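Enquirer: Once you've had a glance at the structure underneath, I'll fire off some questions.
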Amino acid sequence: MSDRALYLTTPIYYVNALPHLGHASTTIMADAMCRYRRLLGERVYFLTGTDEHGDKIAQAASAAGVTPLAYADNIAAGFRETWRRLGITNDDFIRTTEPRHEAVVQDVLQRLWDAGEIYFGEYGGNYCYGCERFYTDKEIVDGKCPDHQTPLTFIKEKNYFFRMSRYQDWLIGHLEAHPDFIQPERYRNEVLGFLREPLLDLSISRPRSRLEWGIPLPFDAQYVTYVWFDALLNYVSAIGYPDGALYRDLWAGGHAEHLIGKDILKPHGVYWPTMLKAAGIPLYRRLNVHGYWSLGGGKMSKSVGNVVEAFQLTDKYGHDAFRYFLLREMTFGLDASFSEEALVARLNADLANDLGNLASRATTLIANFAGGAVPAPGALADEDTAVAASFERAVRAVALAMDDFAFQRALAAIWEFIAAVNRYVDATAPWALAKDPARRERLGTVLYTLGEAVSWLGVLLDPFLPDAAAKIRAAVAAGTPTLVDPAWGRLAPGARVEKIAALFPRVDTKAPAVPASEARPAEDRITLGDFAKVDLRVAEVLAAEKIAKSRKLLQLTVRVGSETRTLVAGVAEHYVPSDLVGRKVVIVANLEPATLMGIQSNGMVLAASHEATVSLLTLDKDVPAGSRVK
Ligand code: MSP
């Protein structure tokens, strides 16, 4: 096991609403990071949870006519269940209403009080209930909260204050000495920007007369703890601060990193480090800040009017596709736009086409030409070593990208590798090698290279597409996934390979203008007996090539049961030959042979056509070639 470690946290989410796109996006990023670092053999601890005190929750509960705790119980259970369904691998789930948390909050407050870091005073200011904080005049935009664009409430009351102002210079010094304390840099600069203005003391209590729902101050029961002061401490209470083993290893050992959205930068970049400093707790190592999703753009997205509806697309298109879109489409730190159309475009292009086709082509070629067992490689040609080099480049690029939480760069690097392997299949044309017994060894090397490439995808993709990666690993058995020593060539010759059918089925994006049913007049109808004369069969495409001098025709070699036949199909303008290899299509098997461009065609491939679109009939479940279609 590596001696590197990561303790990664998400924000703890408010329980006034069910999980939505925004929460899912942060939690998925954290999960991808934790899965990746586990692949590297590191000790990883992943925390998420719920933030259950404060005005917001009290108001939502009272609107629902239940107690705040009953309300929180229900939504917290919803968050847990959602993360379980999405395959999130968090090690713990903290709720701020748990005794283990409340005890730590009271302990830290008491120590700060005893040390003179907290005093009693009066403050009047503009408060946003949505953010649960006061805004300074400079921060207010058009008299409203800059985040929620809602009017602020002027509140003046006596409260307890944390002497945050004392730590302004210290925090500036820390940010200057540790350039990656907050990343990406734009957010570090934003915090340095806040710190150019005088830093005020922080009100850390609310009078109980106004708000009951919070943790009582240990030194004044008339007050409850301000929700941010309470919530931030979850990051240490969950791991057994002050003397639990996890706390000592992960926090005191300097492995703690936070992942948040840009909306909560100030509490995490200013309140939290100063609180830690005042309480004598070591600082976190790094704060990682991502941008915000906005909704809009595209025709289909009309249906996606809010973040809850956006989140429902995870069920419509599958967890992996949703997760991939979130990780691939957002440049870490910047805002991104979410639309159903963009998600489907990524699904079709990157997942169904690039990845899905590669997995299916490679495994089908091994199944068809090597009996489903990876052959031993022979002498390596330049094109084979180029694939290995492309893999090694991808592994290095992923490592660099993941250091910055740049998921989109990591995925782009993996997709460069996928593209390289797809080009390799086209260039080496294993279906052509298979026709020539003298090229058996070369065929073996090519198929080995493909098996190795796909098996590594089952590892490299695990953080990003956990379900698909597991399917790949199940089909190309290659042991426990690990990136500890990612050396090319670990697949043992003879390893079994199963065909991977549709890893990601394409989503039809054209709202099809369904042709009006052109029912035939009664006298044109045929009997069942007439129809039974047509022998329709499932055929597997073993090889496909263009026919010289023909724009439209492809020559296909297909297997129907134990028989191999040649067919000519008029689909050259709609399909690239190599994309057909491995597919199962439907043919008319008992048609009189016909000669087209000098080639005898023994049967006809069925395809549907509408305007310029031609679509081959394929099967939605796998059945053996030769099966009857009726
Ligand atoms: N309870 C506080 C956090 C306390 S942490 C000690 C809170 N909760 S929240 O439910 O409002 O969650 C905010 C977080 O949800 C953001 O920081 C971000 O991680 C995520 N997102 C919510 N909406 C989002 C988008 N539209 N886009 C991206 N992420 C967003 O704040």
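Enquirer: Sorted by accessible area with a 1.4 angstrom probe, largest first, how do Thr97, Thr48, Thr509, Thr480 fall? Could you put the intermediate results ahead of the total?
Expert: Numbers: Thr97 30, Thr48 0, Thr509 80, Thr480 110 Å².
Ranked from most to least accessible, the order is Thr480, Thr509, Thr97, Thr48.
Enquirer: Which lysines does Lys584 reach when only Cα atoms under 27 Å apart count, and residues fewer than 8 places away in its own chain are ignored?
Expert: Within the straight-line cut-off, Lys584 pairs with Lys316, Lys435, Lys471, Lys499, Lys510, Lys533, Lys546, Lys549, Lys552, Lys621, Lys630.
Enquirer: Something else: Can you pull the Rg over Rh of the stretch 388-518, Cα-only, Kirkwood?
Expert: Details: Rg = 17.8 Å, Rh = 16.7 Å.
When Rh is taken as the Kirkwood radius, the ratio is 1.07.
Enquirer: Now for a separate question. What shape does the stretch 1-134 have by the C-alpha gyration tensor, where a ≥ b ≥ c are the square roots of the eigenvalues, rounded means a/c under 1.5, and otherwise prolate means a/b greater than b/c and oblate the rest? Please report the intermediate quantities before stating the final value.
Expert: Numbers: a/c = 2.19, a/b = 1.33, b/c = 1.64.
Oblate, since a/c reaches 1.5 and b/c is not below a/b.
Enquirer: A follow-up question, please. Once the convex hull of the alpha carbons of the stretch 326-421 is built, what does its volume come to per residue, in cubic angstrom?
Expert: Numbers: hull volume 10.1 nm³, N = 96.
Cα convex hull per residue, to the nearest whole number: 105 Å³.
Enquirer: Check the straight Cα-Cα distances from Lys56 and name the lysines below 28 Å, setting aside those fewer than 8 residues away within the same chain.
Expert: Leaving aside lysines fewer than 8 places away in the same chain, those within reach of Lys56 are Lys138, Lys144, Lys156, Lys158, Lys262, Lys266.
Enquirer: Mark the label point 7 Å from the Cα of Ala419 along Cα→Cβ and return the residues of the stretch 368-394 whose backbone N is within less than 20 Å of it.
Expert: 383-394
Enquirer: Turning to a different aspect of this structure: Please give the helix 357-370 orientation as an angle from the longest Cα principal axis of the chain, in degrees from 0 to 90, rounded to the nearest 10.
Expert: Its long axis makes an angle of about 40 degrees.
Enquirer: Here is a follow-up. Name the shape class, rounded, prolate or oblate, that the alpha-carbon gyration tensor gives for the stretch 131-191, where a ≥ b ≥ c are the square roots of its eigenvalues, rounded holds for a/c under 1.5, and otherwise prolate holds if a/b is larger than b/c and oblate otherwise. Don't skip to the answer; put the middle values down first.
Expert: Details: a/c = 3.26, a/b = 1.49, b/c = 2.18.
Note, shape of the stretch 131-191 comes out oblate.
Enquirer: What do you get when you divide the Cα radius of gyration of the chain by 2.2 N^0.38 Å, with N the number of residues?
Expert: Working: Rg = 30.5 Å, N = 630, 2.2 N^0.38 = 25.5 Å.
So the Cα radius of gyration is 1.20 times the expected 2.2 N^0.38 Å.
Enquirer: Enter the angle in degrees (range 0 to 90, nearest 10) between the Cα long axis of helix 99-114 and the first principal axis of the Cα atoms of the chain, meaning the one along which they spread out most.
Expert: 40 degrees
Enquirer: Heavy-atom accessible area of Asp107 with all protein chains present, probe 1.4 Å, nearest 10 Å²?
Expert: Approximately 60 Å² of Asp107 is accessible to the 1.4 Å probe.
Enquirer: Oh, and also: If amide hydrogens are placed 1.01 Å from N in the peptide plane, which non-local residues have theirs closer than 5 Å to the one on Leu217?
Expert: Tyr223, Val224, Thr225
Enquirer: Is the stretch 383-442 best put as rounded, prolate or oblate by its Cα gyration tensor, with a ≥ b ≥ c the root eigenvalues, rounded for a/c under 1.5, and otherwise prolate when a/b is larger than b/c, oblate when not?
Expert: Values: a/c = 5.87, a/b = 3.14, b/c = 1.87.
The shape class here is prolate.
Enquirer: Using only Cα atoms, find the angle between the long axis of helix 319-329 and the longest principal axis of the chain, and express it within 0 to 90 degrees, rounded to the nearest 10.
Expert: Helix 319-329 and the main axis of the chain meet at about 70 degrees.
Enquirer: To continue, here is another question. Got a number for carbon plus sulfur as a percent of the stretch 367-449's accessible area, 1.4 Å probe?
Expert: For the stretch 367-449, the apolar C and S fraction of the accessible surface comes to 56 percent.
Enquirer: Same structure, new question: Give me the percent relative contact order of the chain, please, defined on Cα pairs under 8 angstrom at least 6 residues apart. Before the final figure, lay out each step's value.
Expert: Details: 1067 pairs, mean separation 69.0, N = 630.
The value is 11 percent.
Enquirer: Could you grab the relative contact order for the stretch 170-308? Cα pairs under 8 Å, six or more apart, rounded to a whole percent.
Expert: Values: 140 pairs, mean separation 32.4, N = 139.
For the stretch 170-308, the relative contact order is 23 percent.
Enquirer: How much accessible area per residue does the stretch 316-360 have, in Å², with a 1.4 Å probe? List each step's numbers first, then the result.
Expert: Values: 1200 Å² over 45 residues.
Dividing the accessible area of the stretch 316-360 by its residue count gives 27 Å².
Enquirer: Put Glu340, Glu212 in order of accessible area, largest first, 1.4 Å probe: what do you get?
Expert: Numbers: Glu340 5, Glu212 125 Å².
Ranked list, largest accessible area first: Glu212, Glu340.
Enquirer: While we're looking at this one, here's another question. Quick check for you: which residues of the stretch 146-170 have the amide N under 19 Å from the point 7 Å beyond the Cα of Arg208 toward its beta carbon?
Expert: Zone members listed by number: 157-161.
Enquirer: Roughly how many Å² of Phe332 are accessible to a 1.4 Å probe, to the nearest 10?
Expert: Roughly 20 Å² of Phe332 is accessible to a 1.4 Å probe.
Enquirer: Here's a follow-up. At a probe size of 1.4 Å, how large is the accessible area of Glu98, to the nearest 10 Å²?
Expert: Rounded to the nearest 10, that gives 50 Å².
Enquirer: Same structure again: Between Lys156 and Ala221, what is the spin-label point distance in nm, taking each point 7 Å from the Cα along the Cα→C-beta axis?
Expert: 3.1 nm
Enquirer: Pop the C-beta distance of Ala373 and Ser615 into the FRET formula with R0 = 30 Å and round what comes out to the nearest 0.05. Mind showing how you got there, number by number?
Expert: Details: r = 34 Å, r/R0 = 1.13.
Here the calculated transfer efficiency is 0.35.
Enquirer: When the convex hull of the Cα atoms of the stretch 316-365 is projected onto a plane and the area is averaged over all directions, what value comes out in nm²? If you can, show how the numbers build up before the last one.
Expert: Values: hull surface 15.6 nm².
Computed as one quarter of the Cα hull surface, the answer is 3.9 nm².
Enquirer: Relative contact order of the stretch 94-206, please, whole-number percent, based on alpha carbon pairs below 8 angstrom and at least 6 residues apart. Could you put the intermediate results ahead of the total?
Expert: Values: 114 pairs, mean separation 27.7, N = 113.
Relative contact order comes out at 25 percent.
Enquirer: Also, quick follow-up: What's the local net charge at Glu122, with K and R +1, D and E -1, over the other residues with C-beta under 12 Å away? Intermediate values should be presented prior to the final figure.
Expert: Values: positive: Lys156, Lys158; negative: Glu157, Asp201.
So the environment of Glu122 carries a net charge of 0.
Enquirer: Still on this structure: If eta is 1.567 mPa s and T is 4 °C, what Stokes-Einstein diffusion coefficient results for the stretch 230-269, Kirkwood Rh from Cα pairs, in µm²/s?
Expert: Values: Rh = 11.0 Å.
After rounding, the answer is 118 µm²/s.
Enquirer: Follow-up question, since we're still on this one. From the protein chains alone at 1.4 Å, what is the descending order of accessible area for Val66, Val446, largest first? Mind dumping the intermediate values first?
Expert: Working: Val66 65, Val446 0 Å².
My answer, sorted largest first, is Val66, Val446.
Enquirer: Right, something else. Loop only per DSSP, at most 15 neighbouring Cβ atoms within 10 Å: give me the trypsin sites (Lys or Arg not before Pro) in the stretch 167-267, ordered by residue number.
Expert: Sites meeting the loop and neighbour criteria: Arg196, Arg210.
Enquirer: For Asp91 and Arg496 in the same chain, what is the full-extension length gain: residue separation times 0.36 nm, less their Cα-Cα distance, in nm? Don't jump to the answer; show the numbers that get you there.
Expert: On the way: separation 405, 0.36 × 405 = 145.80 nm, distance 3.39 nm.
Between Asp91 and Arg496, full extension yields 142.4 nm more.
Enquirer: Expressed in nm to one decimal, what extension gain is obtained for the pair Gln312 and Ala608 from 0.36 nm per residue of sequence separation less their Cα-Cα distance? Kindly include the intermediate steps, with their values, before the conclusion.
Expert: Working: separation 296, 0.36 × 296 = 106.56 nm, distance 3.21 nm.
In short, 103.3 nm is gained.
The values are calculated or read from the model by the stated rules, or taken from the named source; none is laboratory data. Here the structure is a predicted model, which is why all the values come from computation and not from measurement. Don't worry about glycine lacking a Cβ; one is built from the backbone with ideal geometry, like all the others, and counts go over all protein chains shown. Areas reflect the complete protein model, heavy atoms only, side chains present, ligands, DNA and RNA absent. Shrake-Rupley method; radii C 1.70, N 1.55, O 1.52, S 1.80 Å.
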